[in-house]
1. Can you tell me how many residues in segment 147-177 are in contact with a helix residue (DSSP H, G or I) (Cβ under 7 Å, 6 or more places away or on another chain) and under 20 Å from Leu63 (Cβ atoms)?
2. Count, please, the residues in segment 190-228 that happen to be surrounded by fewer than 19 Cβ atoms within 10 Å (Cβ to Cβ) and among the hydroxyl-bearing types (Ser, Thr, Tyr).
3. Which one is nearest to Leu321 (Cα to Cα) among residues in segment 189-209 that are touching a residue at least 60 places away in the same chain (Cβ under 8 Å) and either among the small types (Gly, Ala, Ser) or not assigned by TED's automatic domain parsing to the domain that holds Phe244 (or both)?
4. Looking at Thr317, Thr369 in this structure, which one is at negative phi, surrounded by fewer than 17 Cβ atoms within 10 Å (Cβ to Cβ) and not assigned by TED's automatic domain parsing to the domain that holds Asp445?
5. Exactly one of (1) without any contact (Cβ under 8 Å) to a residue 40 or more places away in the chain; (2) farther than 25 Å from Val200 by Cα is unmet by Thr231. Its number?
6. Which residues, taken from segment 236-267, are hydrophobic (A, V, I, L, M, F, W, C) and either free of Cβ contacts under 8 Å to residues at least 24 places away in the same chain or within 24 Å of Val180 (Cβ to Cβ) (or both)?
7. What's the total number of residues in segment 380-427 that are of a type outside the set (D, E, K, R), closer than 15 Å to Gly345 by Cβ and free of Cβ contacts under 8 Å to residues at least 60 places away in the same chain?
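The values are calculated or read from the model by the stated rules, or taken from the named source; none is laboratory data. Predicted model, so just to flag it, every value in this text is computed and none were measured. Every residue, glycine among them, receives a Cβ derived from its backbone with ideal geometry; neighbour counts consider all protein chains shown.
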Amino acid sequence: MKRSRTLLVGGAVVVVLIVGFIVVKALPKKSAAPATQTVQLSKIDRDKLAAITLKHGDVTIHLRQKDKKWSIEYPYPIDWDQSSLSGVADAFSSLYADRKIESDPTDLAQFGLAPPVGTAEATLDNGTKVRYLIGNKTPDGTSYYFMKEGDKALYAVNSYTAHSLLSSLDSLRNKTLPNVDTKSLTYVSLTERGRTIRIVPIPKDDPLAFVSFADMEMTKPFPVARPVDSTAFSKMFQTYPAYFQIQKFINDRPTNLAEYGLAPPVASYELKDRKGQSIDLLIGNSLPDGTVYAKLAGQPTVFTVNRSDIESVLDVTPFQLEDKFLLIPNIDNVDSFTITTPSGGYEAKIVRTPEKNAKPDAKGKIPTTDTYFLNGKELKGTIFKDFYQDVIGLLADSPNPDPSIPLHPTVTVTFHLNKGAGTYREFMVPYNRDFYAVYRDGLADVLLSRDQVDRMVNKAQELLK
């Protein structure tokens, strides 16, 4: 009984498997998902294209090709972006639809084609015309409904091509402003609120090269050039774009520049680099969207640029850019220096004795044995050089609000150099209980804390004890 039941169950299983196999075999085979088939709508030799007209909304743009270069009919000379114009021509020379939507649609209005959102027509050099109709975006947002005149079929064409045929005049203009290499600048001029800052490289034979380690000098607004802090100078261009772009064109032939804050300009700057590239930009009023009106010097067109691209250049003061070291001559260029104070004076000397039978080095300099003195007392070289660091390490703390303060110094530091102008002086005039006003080259433009001066004088006193 048990054996027969087992056979019965096994037979039932076999029957079920056989029936299932027959049913599955009888089912229709599932076809593979159809691959997206692109459809070529146009193939024309680009050299045979003579003209193109784009229309959409109230915009009509006429393009012409001459000597394999495209331009646009416009009342003024404009710098057109050739890559954008070529993109329009490419839509006629070789255009593919992503797919065919319908072979003969009856209701074109639902696709934005009755009337069309835009039209694009090309005229060949033999007079033949090719015309496209552009409709709405497809629901997935990746393409546009599209038709070719003479073809009843409805297609979907990628957004990039459609946008090219729906171009505005602004989108076809060159928006790139002259670019300069801010790491190899040879000239900087910034004007804002009537004040001009001018920066140029320090000439090799300039006396300033012997009392600073800077590469650039500020020739304005100071009557005498000041060395530029290289870190502050680099920071000034920290946010300046590598590829400077116009955001929006405003007016190609303005009759009143004052309404944009450009007559006179709110600010301006001119940059030049070692490669000869330059930009001379006038800056006008700010707009709520974070841009400012601007124009290139010598050109009429007013446009906007991002304020954030240029604010690090404009929002800078002479003191921020100035090297804060009052004077920092290389000790090899110094023969002696003196410090005069109300309580006494200090004279430091370096006596250099040429080494016997020594040969000049690569620069023609004969090696020397150096001896160091302070008020006639010989000091070890390490001790003297440590003291020298205190003397040349004086750092300006802030601009002087009263640069016309009378020249009545209580502390004077004088360097006698074997190069450059020979003699350099720093006059410390009491400003208040915390600061001295420092006169250099006849100008008291910075304040120096009394603590720094006291530390220098105390060091000299300690060395003589």
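1. 6
2. 2
3. Ser189
4. After ruling out the rest, the residue left standing is Thr317.
5. For Thr231, the failing item is (2).
6. Met236, Phe237, Ala242, Phe244, Ile246, Phe249, Ile250, Ala258, Leu262, Ala263, Val266, Ala267 - these are the residues of segment 236-267 that are hydrophobic (A, V, I, L, M, F, W, C) and either free of Cβ contacts under 8 Å to residues at least 24 places away in the same chain or within 24 Å of Val180 (Cβ to Cβ) (or both).
7. Within segment 380-427, residues that are of a type outside the set (D, E, K, R), closer than 15 Å to Gly345 by Cβ and free of Cβ contacts under 8 Å to residues at least 60 places away in the same chain number 2.
Quick grid of which residues meet (1) charged (D, E, K, R); (2) in a strand (DSSP E or B):
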{"site": "Arg352", "(1), (2)": "yes, yes"}
{"site": "Ile383", "(1), (2)": "no, no"}
{"site": "Pro409", "(1), (2)": "no, no"}
{"site": "Val413", "(1), (2)": "no, yes"}
{"site": "Phe427", "(1), (2)": "no, yes"}
{"site": "Ala437", "(1), (2)": "no, yes"}
{"site": "Asp445", "(1), (2)": "yes, yes"}
{"site": "Leu448", "(1), (2)": "no, yes"}
